[in-house]
Amino acid sequence: MTNQSFRDSTQAMFQSTVDKLGLDPGLAEKIRVANSTYTVRFGVKLRGQIHTFTGYRSVHSEHREPVKGGIRYALSVNQDEVEALATLMTFKCALTDVPFGGAKGGLCIDPTQWSVDELEHITRRFAYELIKRDLIHPSQNVPAPDMGTGEREMAWIADQYARMHTTDINAAACVTGKPVGQNGIQGRTEATGRGVQYALREFFRHPEDVSGAGLSGNLEGKTVIVQGLGNVGYHAAKFLSEEDGSKIIAVIERDGTVVDRHGINIEALHRHIRNTGGVAGYPSGLVLSAKGPARFLEEECHILIPAAVEGVINETNAANIKAKLVIEAANGPTTAGANEILKNRGVTIIPDLYANAGGVIVSYFEWVKNLSHMRFGRMQRRLEETRNGMLVDEIGRVLSSNGLSGISAEFRKDFARGASELDLVRSGLDDTMREAYQGMRAIWRADDRFDDLRSAAYALSIQKVAAAYAAKGL
Ligand code: NAD
C-alpha cells in the first residue's frame, strides 16, 4: 500500500468535497490551485564560508487579503508541503471566519544546527528577500510562527520590515506571533494548544457526538496520547491535564516516548526536554528509546493528539489505531487513505483545519491590535470594574437590609474585575472555536453527503471561499 504525499492528501480531501457539492468545475479549479509559490535561494556568509539556503512563500488564495500563514523551519520543507499548508490555511481561515486568504512559508534548515546569532542572520536575510517582493506586508501577506519558529524569529522579521519601511505606521502588523513586549498579544504563544482544548470541550458538549465516538462523560479522566511536545502539543497537553483532569499517558517525541499510565507531569517533562533537548533520561515513568516511537500512536487511549508532523497516521498504521477520538493538532497528520480507514472503523477525527485554528484566530486579534495601536480592553477595563463593583455593592446592601448574609469579598473581587487583554483573547478564541464547531457539525448532522467532520469542514469553507469569489464577480 502506498502512502500519499501531504499535497496529494489535501487535494484528495478537497476534490471529494467539491464533487459532492457539485461546484462549477472552473471555479473548483480556481479554488484548488495555489495562486503562486515563490522560491528563493540566498547566500549567507557564516563560519567563514557562504551557505546557500532555500526558502518558499506560497500564496494559495487571495479571495481575502492579507493572506496569512506561518513560516516553518525544517529540513523537510519543500514546495509540495508549503503549498499543501497554504491550502489548509485558506480553508482554516474561511471555516473560522478569520478574514484572511491562505499562505505559508518555509525554509529548508535544521534550526538546531545554528547558533542564535546565526539564525538571526539567516532569518533577517530570508525576511529581506520576502519583504522586498511584498511577500511580507501588513496589508498583503502576514506570516506567523510554525514548526521550528517562534516569537523570537517573528520579532526579527518585524524589525527587518520596520528597517525597510521606516515610515509605515502599521509596520508591526506585518507579522504575528511577536513577543508581547514587541507588539505581540497576550495568549498568542499558547493559542493553538488552547484552541485544541476549546475544540475538545466543545466536542464534549454534544452528547450525540461523544457517544458516536464510543465515549461518554467529559474530559475528566480521559486517557490521552500526544505526539510532539513542542509549542502546540505542550500547551494542549498542559491545559488538558491541569485544567480538565485528562491523563496524558504517553508523549511521543523525536528521540523516544515517555509512558506513564498514571499521567505524565507535562510541565516537568517539558522542562526536561528544554534543558536536555529530548526525552532521554527523564526520571519518571517509562522512557523508551526512539526505535519505532510512532508505534505508540497505536496504543490504547481515549484521545490521540498528533501535534508534530504530517502523514504520521497513514495506510500502514491506520488499521491499528485504538484511540476513539483523534484531534489533529498538527497540520495534515492523517493521509486521505488513512482517513477513510479510520472513518470506516468508527474513529472520530476532529480535523486539522478546525482543530489547530487557534493560532491563526489569535494572530487575527494581534493583527487588529497592531492596526488599532492599542491593546484590547484599555478603554473599558476600569469602567467595567467600577460598574460591576457598584452592582455587587448594591445587591449586598439590599441583601443585608433584608437580614440576609452579604456577598463575600472573594466573590466581589472576582465579579468586579474588568477583563484583561488575556481574558478577551481567550473569550474571543473560545467563541470562535465553538461557532466553527457548530457550523461544521450542522452540516455533518444534516447532510448525508458529508459523513464526517472533515468533509463537513471542507464543505463549509469551500462554500465560503466560493461565495467570496462570486461576490467579486468571478
Ligand atoms: P514545534 O517545532 O514547536 O514542535 C514540534 C514538536 O514535535 C517538537 O517537540 C519536535 O521534537 C516534535 N517532533 C517532530 N517530529 C517528530 C516526530 N516524527 N515524532 C515525534 N515528535 C516529533 O512545532 P509546533 O509549532 O508545535 O507545530 C506542530 C504542528 O502544529 C505542525 O504541524 C504545525 O504546522 C502545526 N501548527 C502549529 C501552529 C503554531 O501556532 N505553532 C499553528 C497551527 C498548526
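Every number here is computed from the coordinates shown, using simple stated rules; none is lab data. On a predicted model such as this, the values are computed, not experimentally measured, just so you know. Cβ: placed from backbone, ideal geometry, glycine included. Neighbour counts: every protein chain shown.
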Qualifying aspartates and glutamates (Cα of each under 20 Å from Cα of K238; at least 8 residues distant if same chain) | D146, E151, E190, E202, E220, E253, D260, E267, E328, D352, D423, D430
Once you have the alpha carbon radius of gyration of segment 219-313, what is it after dividing by 2.2 N^0.38 Å, with N set to its residue count?
-> 0.95
Express in % the proportion of alpha carbon pairs of the chain at distances exceeding 37 Å.
-> 29
Looking only at lysines whose Cα falls under 25 Å of K472's and that sit 8 or more positions away or on another chain, we get K20, K30, K68, K92, K104, K464
Whichever aspartates and glutamates have a C-alpha closer than 12 Å to that of K322, once near sequence neighbours (fewer than 8 apart) are set aside = E298, E299, E300
Calculated log₁₀ intensity ratio I(q)/I(0) where the Debye formula runs over C-alpha points of segment 414-458, q = 0.14, 0.20, 0.30, 0.33 Å⁻¹ = -0.48, -0.64, -0.96, -1.04
Note the per residue figure in Å³ for the convex hull of the C-alpha positions in segment 334-474.
-> 214
Counting Lys and Arg as +1 and Asp and Glu as -1 over every other residue whose Cβ sits under 12 Å from the Cβ of A127, the net charge comes to +2
Where Rh denotes the Kirkwood radius from the mean inverse Cα pair distance, what is Rg over Rh for segment 191-358?
-> 0.94
Please quote Rg/Rh for segment 341-381 to two decimal places, taking the Kirkwood radius as Rh and restricting both calculations to Cα atoms.
-> 1.36
Taking R0 as 41 Å, what's the FRET efficiency between L371 and D19 from their Cβ-Cβ distance, rounded to 0.05?
-> 0.55
Distance in nm between label sites at D8 and A446, each 7 Å beyond Cα in the beta-carbon direction?
-> 3.6
What residues qualify as long-range amide H neighbours of S36, i.e. H under 5 Å apart, gap of 5 or more or another chain, H built at 1.01 Å from N?
-> V59
Write down, largest first, the equivalent ellipsoid semi-axes of segment 262-331 in whole Å, where each equals the square root of 5 times an eigenvalue of the alpha-carbon gyration tensor.
-> 23, 13, 13
Decide, for segment 36-184, between rounded, prolate and oblate: order the square roots of the alpha carbon gyration tensor eigenvalues as a ≥ b ≥ c, take rounded if a/c falls under 1.5, and otherwise choose prolate if a/b is larger than b/c, else oblate.
-> oblate
Would you please put 12-23, 46-57, 399-410 in order of how densely packed they are, using the mean number of other Cβ atoms within 10 angstrom per residue and starting with the highest?
-> 12-23, 46-57, 399-410
